[in-house]
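Following: one structure in structure tokens, then a few remarks.
The values are calculated or read from the model by the stated rules, or taken from the named source; none is laboratory data. Note that the coordinates shown come from a computational prediction; the quantities given were computed from them, not determined experimentally. Neighbour counts run over all protein chains shown; Cβ positions are idealised from the backbone, glycine included. Each accessible area value is taken on the protein alone, full model and side chains, heavy atoms only, with ligands, DNA and RNA left out. Shrake-Rupley method; radii C 1.70, N 1.55, O 1.52, S 1.80 Å.
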Amino acid sequence: MISLKTLKELSWFFRAHWKRYTIGIAFLFFIDILMLWPPRLIGETVDAMRNSSLTAQDLTRTVTILLALGVGLYAMRFAWRYLLNGGALILERTLRERLFGHLTRMTPSFYHRKRSGDLMAVATNDIPAIEQTASTGVLTLVDSLFMTLLTLGVMVTAIDWKLTLAALIPMPFLAWSTAYYGRLLHERFYLAQEAFGEMNDHVQQSISGVRVLRAFVQEKEDIEAYRRVSEKTLERNVSVSRIDALFEPTIAIIIGFSFLIGLGYGTYLVFTSAISLGELVAFNLYLGLLIWPMFAFGWLVNVLQRGGASHKRLSELLVEQPDVHEVDHPIAAETPHTVEARHFSFAYPGSDKLALSDITFSLGEGETLGIVGRTGSGKSTLCRALLHQYEMKSQTLFVGGVPIEELSFDTLRQKIAYVPQEHLLFSRTIAENVSFGKPGASEAEVLHAMRLAEMESDLMQFREGLKTMVGEKGVTLSGGQKQRISIARALLLDAGILVLDDSLSAVDARTEEAILRHLRQERANKTTIITAHRLSAVQHAELILVLDEGRIVERGTHAELMQQNGWYAEQYRKQQMEQDVAG
Ligand code: ATP
Ligand code: MG
């Protein structure tokens, strides 16, 4: 009737913390046994009173025991709460770390498929629901089982089995209704979580895109759209609480019937002298002890169902494998910083259209490759492929003469410093942003990288220099400044191969020239790949490729391409003219 699957799936955790759980559960067990004592004492006192045999000494003894029990139970209840709830908090942290670690290992295509709002919902809603299962769930399961069995045992043996049986008649209804509600709850909770994820996603997108939202005067529409998802979330949560709200009253009615039978039939038994008045009082107190476990069963179903739904969502995420696999036995030897492609073709996962086809080139150590071409021609795709961001099997792309599939992720990342087209700065200081890939870098190194990226003079504008905070809580940087900080970040690594994906698009021609000059001086013997729209950025390259729809349509040095008089030459002349006009 109750699905214990979730608890079973969490057994690795209970086993790892078995001491905590054993002691906690032992306390629960003791408490349950001790709880059975007071009804019996009170019953005996009532009988003694009735027979007028109660002495002051007896009464003092009873009261003392009750007081001592009270204090003992107080201490033990604290102990189990501390142990079991503490354990669940550890579980919560463990799961969070596991999820976060997992998310950092996932590749771009995973984030392409998943909404970040859903991922956030798992971290903020599902993990606490699992925590509840491990705390309240475990406690309730153990406690209510012990309590019920022990209490029933005492009722049957010490008082009257027929009375006990009669009082238990309503109980099957209890089991049935809990199971019924439990199933409904499970379904509805899952839907509610889904709506919550959607709502999260909406908030996240609206906040990160708030500038665009304003620029296009879409605030009203967005608020309206948000109202709709928020309404949906409300409806679904209300439908969960409707079932939740039915639980307790239903159980209360069923328990009420038990008391009715206990009192009616019990009184009859007292009249016929089958049991004493004291025993009837004790019986009712015992029945009272059963109320909590019965409620607890309902609560338990609820918690386990939620925990189950949440655990399912979490597990579904955790079983996702990164779709780029690292080779088991990577080639470890030092290799030169060359890049080569032999008839390399590539399609994005889930797409049957080739984003790159039949790409062939060879770049020696210390050389510069320029990649140009219309927007959408595949320039960024080639850069990403080189970083092994997507699963590939063709073994036609080589770094240092080794197919990149044969290199470990670490080796590849050590060899290649990458400035992506969409640069991202973190809400940290400028220095921390630059030294992101090399956290121990000295200030001098950071400043040097900034100088190479032509960012040093901009730094003067900021009152706190390198310590200036970037983003939400700090200065707002211009597109060109962000771009140059991203370049400095990559230059600091001083890697053998530098990939600049359209990284000079937001700086003026003079700054571009200065950065390129620094690159040529500083990286004279190192390999560089530059993609650009402005051809002046690749003019000096040893090899320039012109891409169109994923194919190389022209290739050569600047001079050769000018001679070919194709797209490159035409584009170059156009850009020259524009520059002359701009003066
Ligand atoms: P731009 O000059 O605008 O930066 P680009 O030359 O860098 O363009 P790419 O970003 O490489 O162009 O895109 C090449 C093609 O691959 C385009 O048709 C694009 O739609 C497609 N593409 C890009 N990224 C993905 C992706 N993650 N999944 C599927 N297709 C993609
Ligand atoms: Mg691009």
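The C-beta contact set for region 346-357 (first residue without any contact (Cβ under 8 Å) to a residue 12 or more places away in the chain, second residue more than 7 Å from ligand 1 (Cβ to nearest atom), distance under 6 angstrom, 6+ apart or interchain) comprises 347/354. Within region 64-86, can one find any residue that is at pLDDT 90 or above, β-branched (Val, Ile, Thr), touching a helix residue (DSSP H, G or I) at 6+ places or on another chain (Cβ under 9 Å) and open to solvent by less than 20 Å² (accessible area, probe 1.4 Å)? Checked against the condition, which is being at pLDDT 90 or above, β-branched (Val, Ile, Thr), touching a helix residue (DSSP H, G or I) at 6+ places or on another chain (Cβ under 9 Å) and open to solvent by less than 20 Å² (accessible area, probe 1.4 Å), region 64-86 yields no hits at all. Residue 524 fulfils the conditions (1) open to solvent by 70 Å² or more (accessible area, probe 1.4 Å); (2) more than 14 Å from residue 370 (Cα to Cα); (3) under 48 Å from the mean Cα position of the chain (by Cα) except for a single criterion, (1). For region 105-129, filtering for residues that are over 10 Å from the mean Cα position of the chain (by Cα) and surrounded by fewer than 16 Cβ atoms within 10 Å (Cβ to Cβ) leaves 5. You will find that of 451, 463, the residue that is out of contact with any strand residue (DSSP E or B) (no Cβ under 7 Å at 6 or more places or on another chain), in a loop (DSSP other than H, G, I, E, B), of a type in the set (Lys, Arg) and open to solvent by 30 Å² or more (accessible area, probe 1.4 Å) is 463 and no other. Got at least one residue in region 374-394 being away from ligand 2 (no atom under 13 Å from the Cβ), β-branched (Val, Ile, Thr) and either farther than 30 Å from residue 463 by Cα or crowded, with 16+ Cβ neighbours inside 10 Å (or both)? No - not one qualifying residue is present in region 374-394. Filtering region 564-583 to residues that are among the hydroxyl-bearing types (Ser, Thr, Tyr) and in contact (Cβ under 8 Å) with a residue 60 or more places away in the chain leaves only 568. Note on region 365-422: enclosed strands (runs of 3 or more DSSP E) holding 2 or more residues that are more than 16 Å from ligand 1 (Cβ to nearest atom) and in contact with a Leu (Cβ under 9 Å, 6 or more places away or on another chain) are 416-419. Looking only at residues in region 270-281 that are open to solvent by 10 Å² or more (accessible area, probe 1.4 Å) and in a helix (DSSP H, G or I), the one that is farthest from residue 159 (Cα to Cα) is 271. Scanning region 33-50 for residues that are of a type in the set (S, T, N, Q) and out of contact with any Ser or Thr (no Cβ under 8 Å at 6 or more places or on another chain) turns up nothing. Candidates 483, 563: the one that is out of contact with any helix residue (DSSP H, G or I) (no Cβ under 6 Å at 6 or more places or on another chain), more than 15 Å from ligand 1 (Cβ to nearest atom) and outside any loop (DSSP other than H, G, I, E, B) is 563. Taking the stated definitions as given, is residue 362 closer than 22 Å to residue 538 by Cα, crowded, with 17+ Cβ neighbours inside 10 Å and of a type outside the set (A, V, I, L, M, F, W, C)? So residue 362 fails the test. Scanning region 4-36 for residues that are open to solvent by less than 70 Å² (accessible area, probe 1.4 Å) and within 25 Å of the chain's Cα centre (by Cα) gives 6, 7, 10, 11, 13, 14, 17. One residue stands out among those in region 340-359 that are more than 9 Å from ligand 1 (Cβ to nearest atom) and more than 17 Å from residue 388 (Cα to Cα): the one that is least open to solvent (accessible area, probe 1.4 Å), which is 358.
Sub-6 Å Cβ pairs linking a first residue in region 500-521 that is closer than 18 Å to residue 478 by Cα to a second residue that is away from ligand 1 (no atom under 16 Å from the Cβ), at least 6 apart or interchain, are 503/487; 504/512; 506/480; 507/480; 511/454; 515/454, ordered by first then second residue. Scanning region 59-109 for residues that are part of a helix (DSSP H, G or I) and among the β-branched types (Val, Ile, Thr) returns 60, 62, 63, 64, 65, 71, 90, 94, 104. Restricting 305, 321 to residues that are polar (S, T, N, Q), assigned to a helix (DSSP H, G or I), modelled with pLDDT under 90 and open to solvent by 30 Å² or more (accessible area, probe 1.4 Å) narrows the list to 305. Within region 150-158, identify whether any single residue is in contact with an Asp or Glu (Cβ under 9 Å, 6 or more places away or on another chain) and crowded, with 20+ Cβ neighbours inside 10 Å, and answer yes or no. Among the residues of region 150-158, at least one is in contact with an Asp or Glu (Cβ under 9 Å, 6 or more places away or on another chain) and crowded, with 20+ Cβ neighbours inside 10 Å, which makes the answer yes. On the basis of being touching a helix residue (DSSP H, G or I) at 6+ places or on another chain (Cβ under 7 Å), over 26 Å from residue 313 (Cβ atoms) and surrounded by fewer than 18 Cβ atoms within 10 Å (Cβ to Cβ), does residue 253 make the cut? In short, no. Pairs only if they're at least six apart or on different chains, beta carbon under 8 angstrom, first in region 441-463 and touching a residue at least 40 places away in the same chain (Cβ under 8 Å), second open to solvent by 60 Å² or more (accessible area, probe 1.4 Å) and in a helix (DSSP H, G or I); list them, first residue then second. Within 8 Å, the pairs are 452/522. Among the residues in region 432-444, are any at pLDDT 85 or above, closer than 21 Å to residue 509 by Cα and open to solvent by 60 Å² or more (accessible area, probe 1.4 Å)? Taking every residue of region 432-444 in turn, none turns out to be at pLDDT 85 or above, closer than 21 Å to residue 509 by Cα and open to solvent by 60 Å² or more (accessible area, probe 1.4 Å). When region 479-512 is filtered for residues that are in contact with a strand residue (DSSP E or B) (Cβ under 7 Å, 6 or more places away or on another chain) and open to solvent by 40 Å² or more (accessible area, probe 1.4 Å), only 493 remains.
Answer yes or no: is there a residue in region 488-505 that is part of a loop (DSSP other than H, G, I, E, B), within 16 Å of ligand 2 (Cβ to nearest atom) and over 33 Å from the mean Cα position of the chain (by Cα). There is at least one residue in region 488-505 that is part of a loop (DSSP other than H, G, I, E, B), within 16 Å of ligand 2 (Cβ to nearest atom) and over 33 Å from the mean Cα position of the chain (by Cα). For region 337-364, the set of residues classified as farther than 25 Å from residue 113 by Cα and either part of a loop (DSSP other than H, G, I, E, B) or within 16 Å of ligand 2 (Cβ to nearest atom) (or both) consists of 337, 338, 359, 364, listed by residue number.
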